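Notes follow the structure.
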Amino acid sequence: MRVYFTPSARESLRDISQYIGRISPDAARRTRVRLIRRVRQLADFPESGRMVPEYEVQAVRELIEGSYRIWYRIKDARIEVLAVLHGARQIRDD
């Protein structure tokens, strides 16, 4: 299966990298590489993530990588990464 980042997930990943990069560019690079490596695992193991507890919708799943949550869904013959969120972030229900 192919893995795609939605524009909002791509933006989230960039924002995370920029935020960490203010303190340590090297740590930002390592974090970005670690998150992308984890996402790439979905190509071989698309159902490895758990259902997102806040929504209880089977179609939206998440992987945990360190302090980050990677939300994705399997759609047709591809995997769409929907969001990359820090675990401490409050999720709004609106």
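For segment 52-67, enumerate the residues that are under 16 Å from GLY87 (Cβ atoms) and open to solvent by less than 70 Å² (accessible area, probe 1.4 Å).
Hits for segment 52-67 are VAL52, PRO53, ARG61, GLU62, LEU63, GLU65, GLY66, SER67.
Among the strands (runs of 3 or more DSSP E) contained in the chain, which hold 1 or more residues that are free of Cβ contacts under 8 Å to residues at least 60 places away in the same chain and in contact with a strand residue (DSSP E or B) (Cβ under 7 Å, 6 or more places away or on another chain)?
Working: elements: 2-5, 60-65, 68-75, 78-86.
Of the strands (runs of 3 or more DSSP E) lying wholly inside the chain, those with at least 1 residues that are free of Cβ contacts under 8 Å to residues at least 60 places away in the same chain and in contact with a strand residue (DSSP E or B) (Cβ under 7 Å, 6 or more places away or on another chain) span 60-65, 68-75.
Within segment 77-89, can you find the residues that are open to solvent by 40 Å² or more (accessible area, probe 1.4 Å) and modelled with pLDDT of 85 or more?
ALA77, ARG78, LEU82, HIS86, listed by residue number.
Go over the candidates GLU65, GLU80, GLU11 one by one and state the one that is touching a Leu at 6+ places or on another chain (Cβ under 9 Å) and of a type in the set (D, E, K, R). Show your work before the answer.
Numbers: GLU80 fails: touching a Leu at 6+ places or on another chain (Cβ under 9 Å); GLU11 fails: touching a Leu at 6+ places or on another chain (Cβ under 9 Å).
So the residue among GLU65, GLU80, GLU11 that is touching a Leu at 6+ places or on another chain (Cβ under 9 Å) and of a type in the set (D, E, K, R) is GLU65.
The values are calculated or read from the model by the stated rules, or taken from the named source; none is laboratory data. Being a predicted model, the structure only gives us computed values, none of them experimental. Glycine also receives a Cβ, built like all others from the backbone with ideal geometry; neighbour counts cover every protein chain displayed. Areas reflect the complete protein model, heavy atoms only, side chains present, ligands, DNA and RNA absent. Shrake-Rupley method; radii C 1.70, N 1.55, O 1.52, S 1.80 Å.
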